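Worksheet: one structure, shown below.
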Amino acid sequence: MGREQIVVAKFGGSSLADAGQFRKVKEILEQNPARRYVVPSAPGRRCSQDEKVTDLLYQCYEKARQGKGYMTLLKRIRARYQEIIDELGLEVSLDREFAVIEQAFVNHAGEQYAASRGEYLNGILLASYLGCEFVDAAEVIRFSKDGVFEDERTNFFLRDRLSRAKRAVVPGFYGADDAGNIHTFSRGGSDVTGALVSRAVQADLYENWTDVPGFLLTDPGIVENPKKISVMTYSELRELSYRGATVLHEEAVYPVRREGISIHIRNTNQPEESGTLICRRIRPEDEVPITGIAGKRNFVAVSIAKNRMNAQIGFCKKLLEAFEENHIAFEHMPSGIDTISVILPREEYQQKQDAIMDSLQRLLQPDKIELDEDMALVTVVGKGMRSVSGIAARFFTALGNAKVNIKMIDMGSNEINCTIGVANEDFETAIRALYDELVE
């Protein structure tokens, strides 16, 4: 006999927002006994006017840190969990946990500790409801004391701990250093926890349950009823996630891609739907020219001009050094013979503007530096683009017809993405124009 199949199921905040959603999750898990390891997020919004528990925890902690009245917020948070306990008839009390949390808030345990408590408490309730073991992520997800994630140590601890748990709930989003101090991934980091658990248990599949039917071709807030992608590759997902698509955290790809574990995006509220499968490679007949269109606003282009730049050995090295010594990463770096531009997040640039300019002048001695602080980036992604003739012409014709001025063009070296820079005010117009031309 071969080993039993293992599926890791991660559920987002909207999937666990209240008792009704908990019941849906239990039904989904019972439909497939292979779904043995579950990674929950903190309770999300129950309706559009509601607040996420993580946001309430941030607010509560900030008031406690400032010495202001925080009890009203803490009672609201507690009521969210008690409502779930009461409606599901759980024989569990969170009194001790909330006493510890309150004391930690008063003692200024830190924002990351505060934010992590949403997943921690939800994990306790879900484990009780499912009748399986609760494994605190602080015991198995390792960070250094400086908050740097420790990949190999995490895999060791997770693999060892879960080998002794037939079925378990591991809360997402956070871990701890060796001293027990809590550290978190960036927002949406429960996706990363799910991927790490999948790798540790050598899962056959990583299911990511959310409130959308799968990966949509573009933002439904910009394009009405965009098409869904049935299957895509890890590399396409990575590009789209990095460019602004928010269905899956961009860092969740690495742990599972290395092991060849596919990711399946599913809808908790429509479990019968096929969702989107993300895998290492897809059959040629399943390839589509365009996998997605995504983007972000608010970038700045720093354009450096210097005569005979192309003949100066080490010029680009010095350019990157200027940004490295100011601890700022760049998005794109399109270049010409005597000019080169570096695209940066505007907020980060503005925080360090003077220091960056000093570094550029000292290291490069440029003829001129120009700034464009009004730029949005729009990226079209698709493995099938490289095999479709004339797609670039359609790309630029669509933008021209929509009267969108293109400030920058950067074609990815792997030929699965093309990024353009446009004015912030043209961001949505550009996405709609590209979708209409390339998809519809």
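Before moving on, here are some points about what is shown:
- Of residues in region 363-387 being touching a Gly at 6+ places or on another chain (Cβ under 7 Å) and under 24 Å from Val288 (Cα atoms), the one modelled with the lowest pLDDT: Val381
- Look at (1) surrounded by fewer than 22 Cβ atoms within 10 Å (Cβ to Cβ); (2) small (Gly, Ala, Ser); (3) modelled with pLDDT under 90 and you find that Ala252 fails only one, number (1).
- Pair list, Cβ under 6 Å, 6 or more apart: region 362-384 residue in contact (Cβ under 8 Å) with a residue 60 or more places away in the chain, other residue acidic (Asp, Glu) and open to solvent by 40 Å² or more (accessible area, probe 1.4 Å): Lys383/Glu287; Gly384/Glu287
- Elements of type strands (runs of 3 or more DSSP E) contained in region 141-215, each with 3 or more residues being touching a Ser or Thr at 6+ places or on another chain (Cβ under 8 Å): 205-210
- Lone unmet requirement of (1) at pLDDT 90 or above; (2) surrounded by fewer than 14 Cβ atoms within 10 Å (Cβ to Cβ); (3) of a type outside the set (Ser, Thr, Tyr) for Gly390: (1)
- Listed conditions (1) open to solvent by less than 20 Å² (accessible area, probe 1.4 Å); (2) more than 20 Å from Ser14 (Cα to Cα); (3) not β-branched (Val, Ile, Thr) are all met by Asp178, apart from (1).
- Only residues that are touching a strand residue (DSSP E or B) at 6+ places or on another chain (Cβ under 8 Å) and either open to solvent by 20 Å² or more (accessible area, probe 1.4 Å) or of a type in the set (Asp, Glu) (or both) were counted across region 395-424, and they come to 7.
- Conditions (1) touching a helix residue (DSSP H, G or I) at 6+ places or on another chain (Cβ under 8 Å); (2) within 22 Å of Gly175 (Cα to Cα); number of the one not met by Ala127: (1)
- Selection count, region 1-23, where residues are part of a helix (DSSP H, G or I), closer than 12 Å to Leu126 by Cα and open to solvent by 10 Å² or more (accessible area, probe 1.4 Å): 2
- Flag if Lys318 is touching a residue at least 24 places away in the same chain (Cβ under 8 Å), within 30 Å of Lys228 (Cα to Cα) and not small (Gly, Ala, Ser): no
Results for (1) within 27 Å of Ser241 (Cα to Cα); (2) of a type in the set (Val, Ile, Thr); (3) crowded, with 16+ Cβ neighbours inside 10 Å; (4) in contact with a strand residue (DSSP E or B) (Cβ under 6 Å, 6 or more places away or on another chain), shown as yes or no for each residue.
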{"position": "Asp136", "(1), (2), (3), (4)": "no, no, yes, no"}
{"position": "Phe143", "(1), (2), (3), (4)": "yes, no, yes, yes"}
{"position": "Val148", "(1), (2), (3), (4)": "yes, yes, no, no"}
{"position": "Phe173", "(1), (2), (3), (4)": "yes, no, yes, yes"}
{"position": "Gly194", "(1), (2), (3), (4)": "yes, no, yes, yes"}
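- Qualifying position, being over 22 Å from Ala168 (Cβ atoms) and either in contact (Cβ under 8 Å) with a residue 60 or more places away in the chain or among the aromatic types (Phe, Trp, Tyr) (or both), among Ser41, Ser48, Ser14: Ser14
- Filter result for Val223 (touching a residue at least 12 places away in the same chain (Cβ under 8 Å), over 22 Å from Ser14 (Cα atoms) and in a loop (DSSP other than H, G, I, E, B)): yes
- Any hit, region 206-218, residues being in contact with a His (Cβ under 6 Å, 6 or more places away or on another chain) and among the acidic types (Asp, Glu): yes
- Listed by first and then second residue, the pairs linking a residue in region 135-163 that is over 18 Å from Ser190 (Cα atoms) and in contact (Cβ under 8 Å) with a residue 24 or more places away in the chain to a residue that is open to solvent by 60 Å² or more (accessible area, probe 1.4 Å) and assigned to a helix (DSSP H, G or I), with Cβ atoms under 8 Å apart and 6 or more places separating them unless they lie on different chains, are Arg161/Glu139.
- Pairs, first without any contact (Cβ under 8 Å) to a residue 40 or more places away in the chain in region 334-347, second part of a strand (DSSP E or B) and surrounded by 21 or more Cβ atoms within 10 Å (Cβ to Cβ), C-beta under 6 Å, six or more apart: Ile340/Ile304
The values are calculated or read from the model by the stated rules, or taken from the named source; none is laboratory data. Note that the structure is predicted; figures quoted are calculated from it, not measured. Every residue, glycine among them, receives a Cβ derived from its backbone with ideal geometry; neighbour counts consider all protein chains shown. All accessible areas refer to the heavy atoms of the entire protein, side chains included, with ligands and DNA or RNA removed. Shrake-Rupley method; radii C 1.70, N 1.55, O 1.52, S 1.80 Å.
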